[in-house]
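All of the numbers you see were taken from the coordinates with simple rules; none came from a lab. The structure displayed is predicted, hence computed values, not measured ones. Glycine also receives a Cβ, built like all others from the backbone with ideal geometry; neighbour counts cover every protein chain displayed.
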């Protein structure tokens, strides 16, 4: 943990600017007098604390000078239970909602969803969590609007009052998990664009299961019984 503290101190002292790429692993490990493997593990830990972003084939970039606080990063038991309950509710409700939207969505709404997906992708690349949350909410709100059912719209807004239901602690996930989560959104959009009801339902179920599983691994918390059962069935989609 000494190396962790050393790197955190270097970041706090302004050795690199936010958004700047850190020195290559070979150079940084030599400067710090540690092996590249040791350095890699430390950078991974800093990534889970929201301080750096490791981009495959590009390098490690500084995203914040301050680590997440313990309370914010780890979440208390009530927050975890609430999130898992929301994910379970989302699994039971959202697939049918998206399926209905696939039947009723028009070309103008498809175009607006495409714009939202584009903005969401840009926000993920830029690691702008405020925009990630905003565009995520807009994505599901727009789908709810496409159902032309005001009660459905009201329920969705309640369920997605926090973007945690679709992107819990998004920047704490490894890069491959982030890519998978964004890919799930793209698959939902394509199914809606094609007006493919079953694919829309299936893509939504897969998206929620992937999110729940990734969060379960990250925080070492159990899946809800409904999601755990869905994991066994999800491969059929």
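A few comments on the model shown:
- Residue exposure sequence - 120, 87 - by fewest surrounding Cβ within 10 Å: 120, 87
- Cα-based helix-to-principal-axis angle, 77-104 vs the chain, degrees rounded to 10: 40
- Hydrodynamic radius of segment 2-62 per Kirkwood, over alpha carbon pairs, in Å: 11.5
- Degrees between helix 175-193 axis and first principal axis of the chain (Cα, 0 to 90, nearest 10): 20
- For the chain, the Cα gyration tensor yields ellipsoid semi-axes of 36, 19, 15 Å (square root of five times each eigenvalue, largest first, whole Å).
- Crossing angle, helix 150-159 versus the chain [Cα axis fit, 0-90 degrees, rounded to tens]: 20
- Listed by Cβ neighbour count within 10 Å, with the fewest neighbours leading, 193, 142, 56 appear as 56, 193, 142.
- Length gained on full extension, residue 3 to residue 85: 25.7 nm, using 0.36 nm per residue less the C-alpha separation.
- Mean separation of Cα contacts under 8 Å (6+ apart) over length of the chain, as relative contact order %: 21
- Sorting 20-29, 38-47 by their mean Cβ neighbour count within 10 Å, with the most densely packed peptide first, gives 38-47, 20-29.
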